[in-house]
Amino acid sequence: MAHYLHRAFSNNPETHVLHGLRLEDRQQPEQNGSPGVCQTDHLIVHRWGMFIIESKSVTEEVRVRPDNTGGDQWSRVYQGRESGMPSPIQQARRQAGFLRTFLERRREQLLGKPSVGMRTLARLVTGKDHGGFLDAPIQLLIAISDKGRIKLLDGWTEPQEPFRDFVTNADLVPDKIAEELERHRKGATSLGKSQGEYGLWDIEDSAVKAVAEFLAEHHAEPSGATAPRTQTKRAVPIQSRQPLRKWPTADASTAKAVCKHCRGKDLTARWGQDALNAKGNLRHGGRPRRISRGPDHPQGSPGLGLNGG
């Protein structure tokens, strides 16, 4: 999934993508009193809201039915046997609620004071005040493995109001997101008259970047975790309009850097699987870092975000 998102949005100035973001919040505690936790597979921040992409590995078939209470009931089929599974839609909705509350406490820090005119317009059109994160559109996409089959049974359909959510194969997710971004764009330019609530929640490009950077900086590894599988301890957007942090340049600490695999010295900085750390050492397995690769270095899949690759 990270690969698809990177290819679709890495050069899109309207979106900021984070992978494997994990947040902790003491003001949203768990039942045992420990800090509340929200972990998203993939998160896209844009000026009209966010998208949460929840990835599910399905080798055969996933089935979704209504649960007779307005919700959804999930099961998967493996080797001909059907077994129940937790609803990823409900899981993503909990993540969305956590994110809204987490960000709302930093509302003025991230957004500044909301425009009175835009808030008045929103109240007239929808009866809601779209001034803060509590009303931010967070749309859900459940990404099923490319080869997995999806069956919607007994009349169950994807949620449509006020914004559409999706259950789809992973390779189709970028197209769904692009279509929804266009709906938001049209809603913003037509004052919401033809697109319902699409486009009414609208923030400046600088605020979009600030939100993405804020979330990346607050990524938290599990307490007491042993050596993590990734070399970084913070999620990072795979792209942004401006670099989110300053990366080391070729000074005295990096000028002599060589690839420890091919011994090449002709190194160039870009995204990839082999990361140049803050001291200028060439390493393997770095996922959200800048990389240096010699011309003879073996090619690998790009590292995308915290848990990409």
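The values are calculated or read from the model by the stated rules, or taken from the named source; none is laboratory data. Predicted model, so just to flag it, every value in this text is computed and none were measured. Cβ: placed from backbone, ideal geometry, glycine included. Neighbour counts: every protein chain shown.
The lone criterion from (1) of a type in the set (A, V, I, L, M); (2) within 21 Å of ASP146 (Cα to Cα); (3) not in a strand (DSSP E or B) left unmet by ALA96 is number (2). Between a residue in the range 29-44 that is under 21 Å from GLU14 (Cβ atoms) and any residue that is of a type outside the set (Ser, Thr, Tyr) and exposed (fewer than 11 other Cβ atoms within 10 Å of the Cβ), which pairs come within a Cβ distance under 7 Å, given they are 6 or more apart or on different chains? Listed by first residue and then by second, the contacts come to nothing, as the list is empty.
Would a scan of the range 170-185 turn up a residue that is in the same structural domain as SER75 (by TED's automatic domain parsing), touching a Gly at 6+ places or on another chain (Cβ under 7 Å) and at pLDDT below 95?
Step one: list which residues in the range 170-185 are in the same structural domain as SER75 (by TED's automatic domain parsing), which gives 170-185.
Subsequent filtering for residues that are touching a Gly at 6+ places or on another chain (Cβ under 7 Å) retains 184-185.
If we keep only those that are at pLDDT below 95 as well, we get 184-185.
There is at least one residue in the range 170-185 that is in the same structural domain as SER75 (by TED's automatic domain parsing), touching a Gly at 6+ places or on another chain (Cβ under 7 Å) and at pLDDT below 95.
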